[in-house]
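Below is one structure, written out as C-alpha cells, with a few remarks after it.
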Amino acid sequence: MSDLLERLAEVLEQRKAANPDTSYVASLHAKGLNKILEKVGEECTETLLAAKDAEQSGDTSKLVYETADLWFHSLVMLSNLGLGPQDILEELARRFDLSGLEEKAGRKSQ
C-alpha cells in the first residue's frame, strides 16, 4: 500500500511543475494553498455524506470513491507544504503501540 502512495506522491510532485492549463494538480498549486484546502474541505464533506448514505443503504461504493478523492486532495495539500505520505505513515507507526487514550493524553503535554 505504501508503494502506491509513494508512486502517487512522485506523480503529484512532477505535476506541480506542469502547465496549469493541462494538469489539474498544477492548476491547484497555481491557485495556492487556500484553493487546495477548499478542495480538501469539499471532499471531506462529500465523504461524510457518503458514509451516512452507506449506513442507510449498505452500498459503500460512493464512500470508497469519495474517500479516494479525499485522500488524493490531502496528498496534494501535503505536497504543497513539502510533505508526503511517508510523513503520515511514520506518524501512524509512532502511534501504533499507543492506546488512543494515551495518545490523546500525550498531546495535552506537548
Qualifying residue in the stretch 14-34 (condition: of a type in the set (Asp, Glu), on the phi < 0 side of the Ramachandran plot and in contact with a Leu (Cβ under 8 Å, 6 or more places away or on another chain)): no
Residue identified as under 11 Å from the mean Cα position of the chain (by Cα) and modelled with pLDDT under 95 among Leu5, Leu70: Leu5
First in the stretch 58-75 and without any contact (Cβ under 8 Å) to a residue 24 or more places away in the chain, second anywhere and buried (at least 17 other Cβ atoms within 10 Å of the Cβ) and of a type in the set (Ser, Thr, Tyr), Cβ under 8 Å, 6 or more apart: Leu63/Thr47; Glu66/Thr47; Thr67/Thr47
Residue count, the stretch 79-94 (criterion: in contact with a helix residue (DSSP H, G or I) (Cβ under 7 Å, 6 or more places away or on another chain) and within 17 Å of Ala17 (Cβ to Cβ)): 3
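The values are calculated or read from the model by the stated rules, or taken from the named source; none is laboratory data. Here the structure is a predicted model, which is why all the values come from computation and not from measurement. In this analysis, Cβ positions are derived from the backbone assuming ideal geometry, glycine residues included, and neighbour counts consider all displayed protein chains.
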